[in-house]
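To keep things clear, I will list the structure first and then write my remarks on it.
Values quoted throughout were computed directly from the atomic coordinates according to the rules given, and no laboratory measurement underlies them. In this text, all values refer to a predicted model and were calculated from it rather than measured experimentally. Positions of Cβ are backbone-derived with ideal geometry, glycine not excepted, and every protein chain shown enters the neighbour counts.
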Amino acid sequence: MENPEQLAERKSLKLRCITGAVYILVLAVFFILKIFVSELFFDGLILIFAFFGTGEMLRAFGNKLHISQKIVVIFFALAVIATYAVGDFYYTKVLGIGLPGQDITEARGRNYSMHLTFIVLIAGMAVLASLLVFSHRHVTLESTGYAFLCYAYPSFFLLVLTVCNHLYYYSELAVMLVFIVAPFADSFAFLFGRLFGKKLPAKLAPNISPNKTIVGGFGGLVGGAIGAIVIFFMYYGIMQLDNIGAAPQFIRDIAISPVNLVFFLGLGILAAAFSQFGDLVESAIKRKLGIKDMGKILPGHGGVLDRIDSSLYAGLIICIALVGKLMLLG
């Protein structure tokens, strides 16, 4: 017969599975809309993440921030992402800049979405700093530092994910890698921890997250590698159903070159490592603030940030790797 602790753990695991399934379904729906309708739909999902994630950060800091700082943070956190998403869509889809056949140097020079985004990003920082003048009695240097952190995390990472969503090449691949590799890494880390944690109890980061073990971290790397290989063969299968000869060169490379399997494998392991580090970063923030979860909106998971924390850092390294690969291909 199960004791109360076992019953509570089983109930929590059941809730976590149900919430996880709904989360995957939502991702799948927005991903399909991205492919067949417009990437702006997935931008909308990223904005939802930014709204709830930034809100959770602000609530976690509570009265350490003045209301004026909270308003500025939430406004510019969303504005930065929206500026890039709408700007890039306008330049590429409405004006047609960067379409096949155009001079790529000219196209890059005429797409000002990144310039506008950078201006908005700096404007947010400038307004936060200006509150030291306009709300001098209520705003301190300490609260300004907290506000800068809430402004940067998670919105700057989600801005990178927005860049992934708007890549001319590799866009679908980048999004798939972020939202498949990170969950694979999380799942295998949990599985390895449950199976081998008692025999190999060495902790990964005992002062930050006592429940995470080194063997669980290794399982996360295995999961990331498996997730990347799954994506590789998904792409390979799609190319077999289509006319490979008519596909862009970079897709043909993925389908027929063994080197790309190694690239996928290495990127999966690297993304899994970064995803686990992202989880530790948020655990460190929560420990510093003395809270268990960032929110309660997702039963069994906590808040939105508790769900996407690993994807934030995974998205960063995936974006760097794929943009670097694209630059090398010319």
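What the table shows:
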{"quantity": "Förster-model FRET efficiency, 22 Å R0, residue 110 and residue 33, C-beta, rounded to 0.05", "calculated": "0.20"}
{"quantity": "Length added when fully stretched, residue 284-residue 168, from 0.36 nm per residue minus Cα-Cα", "calculated": "38.2 nm"}
{"quantity": "Cα→Cβ-extended label distance, 7 Å offset, between residue 90 and residue 21, nm", "calculated": "4.3 nm"}
{"quantity": "Karplus (6.51, -1.76, 1.60) ³J(HN,Hα), θ = phi - 60°, over the range 168-176, in Hz, Gly and Pro reported as x", "calculated": "5, 10, 6, 4, 4, 4, 4, 5, 4"}
{"quantity": "Near-label residues of the range 146-162 by backbone N, under 20 Å of a point 7 Å along Cα→Cβ of residue 71", "calculated": "146-152"}
{"quantity": "Subset of 14/198; 93/296; 70/93 violating a 27 Å alpha-carbon distance limit", "calculated": "93/296; 70/93"}
{"quantity": "15 Å beta-carbon shell around residue 180, net charge (K/R +1, D/E -1)", "calculated": "0"}
{"quantity": "Length added when fully stretched, residue 137-residue 296, from 0.36 nm per residue minus Cα-Cα", "calculated": "53.9 nm"}
{"quantity": "Qualifying chymotrypsin sites (Phe, Trp or Tyr not before Pro) for the range 147-206 [loop in DSSP, other Cβ within 10 Å: at most 16]", "calculated": "168, 169"}
